[in-house]
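Comments concern the structure below.
The values are calculated or read from the model by the stated rules, or taken from the named source; none is laboratory data. Everything numeric here is computed off the predicted structure, so don't read it as measured data. Quick reminder, even Gly has a Cβ in these numbers, built from the backbone with ideal geometry, and neighbours come from all protein chains shown. With ligands, DNA and RNA removed, areas are computed over all heavy atoms of the protein, side chains included. Shrake-Rupley method; radii C 1.70, N 1.55, O 1.52, S 1.80 Å.
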Amino acid sequence: MLLSFDEQLFQRTKGQAGEKLEQALEANIQFVKQTAIWGAPIQSDKFLLEQERAEKFCFQLIKNYWGNLNLTFNNLIHEMNTVNEKVEQFFAAQQNSKALFSFLHTQGKVTFEQLIEFIYSKPVPLPHVQTELEDIYIYKVNNHFLVLPIYRENEKYWKMIGAKKIYSLFLQVPLMMIMRPVELMKDFKALLAGQLTANRIATIIHKLVQKIDFENPKSDEVKQLHLLNVRTHFTSGRRHMLKLRKCVQALLENWSTGKFALNTKEQTLLGYMLFQEAVYKRNYRSILLQGMYLIEEERINNHAIELVVEYADVLSSMNPQPDTLVKDYRKNYLEHVFYELVNSVVKEEQFELGMELLKNYELASCTTIFQLLHAEEKETMLHLIEATVQRDIALSVDGSPQNIRESIIIWQQHALKKDSAYYNISEMTSQHICNLLKILFWAEEDILVEKLLAVYKKYLLIPHHFQYLRQFIERRVVQC
């Protein structure tokens with residue numbers, strides 16, 4: 001079941017995107033090929049629908065593809081019958097078309113699972129069902145509606161058509177007339193994923209956002225599109241990471257004051273991306289500058305939940321584990337910030353700052369070391385270092401702290417093998433502990449250094465890290 005415009009275009013292109021689609025579109029619209037952002041657009045009045053027509057089309061489309069399925073549930077016969085009956089009853093009443101349409105364009109993008117949850121009024125554990133309609137996108141544009149069904153057959157073609165329609169809207173319609181334009185741009189990006197390279201997608205979005213900015217007044221939506229553009233650069237590989245600082249600086253300059261100025265959360269997001277750019281370039285002074293900005297005044301901590309929920313494409317969201325020392329520090333953004341700060345403190349020989357980090361922030365080391373630094377009777381607690389490492393190894397190997405002996409044997413057999421599941425954990429932990437030892441040695445925390453070094457040599461030693469540590473200690477001894 002196709003919209004008339006889609007059906008005509010499909011026949012002309014024989015369901016082929018790429019050059020065939022471009023030729024078909026170029027024949028219908030005047031545009032300057034040399035300055036086009038992404039080829040020929042489509043005249044928006046060709047595909048935007050009035051509300052009544054959009055309602056009828058969506059109701060019939062979804063009824064045809066999703067309304068006639070006989071769902072089967074393992075061991076849940078009553079639930080199965082109830083769900084099937086509710087779906088059948090819903091689509092039997094034509095007056096439900098308005099309620100359905102309201103749900104669709106409120107969501108923006110709807111899948112089969114979301115539809116069943118809407119009709120049944122609660123989440124339903126559905127069996128795996130492959131339907132001919134994959135999902136549907138609906139957005140309000142002024143007094144009309146953009147309706148994008150994505151069919152499983154010729155899926156790539158329909159995703160490309162959907163992306164072309166969204167692209168055309170952003171070129172032809174004032175931003176204030178598009179409901180939820182930032183969500184629409186995210187959907188545009190998602191539809192292109194897998195069709196074009198990440199580099200090409202980032203370039204298209206960058207140029208499109210620049211054009212939108214030029215042709216529309218300042219607004220929160222324009223600002224959010226710029227933030228999406230920066231995040232796209234951040235996640236699109238080396239070439240775009242190298243452009244990141246310029247994009248962030250432009251955003252900070254243009255949106256630092258006024259009604260739509262960047263708020264603290266957004267400034268923290270930009271600071272985090274600049275921090276990761278510094279890590280990428282191994283610019284240790286910049287890592288210290290950006291990293292300290294993030295942790296001072298609890299900036300990154302205060303906005304932790306919002307940042308992870310709203311910007312999951314940028315921040316790794318696994319829960320922090322302050323009680324663990326042996327881990328992959330990249331899996332949580334806060335732990336990674338402290339890991340890189342400690343490393344940069346050592347590289348720049350700012351050991352006093354290093355001790356401040358260790359004494360003030362549990363995540364800079366781990367709970368045990370943090371407590372030892374503040375304990376009056378350190379000797380009675382030193383055994384906790386080995387207990388922490390043993391438990392961490394067991395959790396990494398076995399997923400449980402129960403089988404410590406067996407886990408340590410497996411760890412010692414495989415941790416240094418590059419194809420091992422434990423190699424990244426081993427590498428990062430060894431590097432981090434060596435950095436901690438250098439800071440503690442500088443601070444003359446001799447008892448703590450002796451015990452931590454013994455545990456490191458017993459369970460976590462990587463030869464070249466240990467060699468650098470020995471050289472550091474020898475130099476410090478000579479200097480003293």
Query - Those residues of the stretch 233-263 which are farther than 26 Å from Arg200 by Cβ, open to solvent by 70 Å² or more (accessible area, probe 1.4 Å) and part of a helix (DSSP H, G or I), in sequence order - result: Glu253
Query - Scan of the stretch 318-329 for residues that are in contact with a helix residue (DSSP H, G or I) (Cβ under 7 Å, 6 or more places away or on another chain) and loosely packed, with under 15 Cβ neighbours inside 10 Å, ordered by number - result: Met318, Asp323
Report task. Name the one entry in Lys418, Lys457, Lys451 that is basic (Lys, Arg), modelled with pLDDT under 95 and on the phi < 0 side of the Ramachandran plot. Result -> Lys418
Report summary line: Scanning the stretch 163-184 for residues that are under 23 Å from the mean Cα position of the chain (by Cα) and closer than 24 Å to Phe59 by Cβ, the one surrounded by the fewest Cβ atoms within 10 Å (Cβ to Cβ) turns out to be Arg180
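Could you say whether any residue in the stretch 44-51 is assigned to a loop (DSSP other than H, G, I, E, B), modelled with pLDDT of 95 or more and hydrophobic (A, V, I, L, M, F, W, C)?
Scanning the stretch 44-51, I find at least one residue that is assigned to a loop (DSSP other than H, G, I, E, B), modelled with pLDDT of 95 or more and hydrophobic (A, V, I, L, M, F, W, C), so the answer is yes.
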**Report entry** Members of the stretch 114-126 that are in contact with a Phe, Trp or Tyr (Cβ under 6 Å, 6 or more places away or on another chain) and either open to solvent by 40 Å² or more (accessible area, probe 1.4 Å) or on the phi > 0 side of the Ramachandran plot (or both)
**Finding:** Phe118
Query - Filtered residues of the stretch 103-142 (kept if out of contact with any Ser or Thr (no Cβ under 9 Å at 6 or more places or on another chain), over 15 Å from Phe59 (Cα atoms) and of a type in the set (A, V, I, L, M)) - result: Val124, Leu126, Val129
Query raised in the report: Filtering the stretch 373-421 down to residues that are within 25 Å of Leu440 (Cβ to Cβ) and among the hydroxyl-bearing types (Ser, Thr, Tyr), which residue is nearest to the chain's Cα centre (by Cα)?
Result: Ser396
Query raised in the report: Taking Gly15, is it under 17 Å from Leu148 (Cβ atoms), modelled with pLDDT under 95 and either touching a helix residue (DSSP H, G or I) at 6+ places or on another chain (Cβ under 8 Å) or part of a helix (DSSP H, G or I) (or both)?
Result: yes
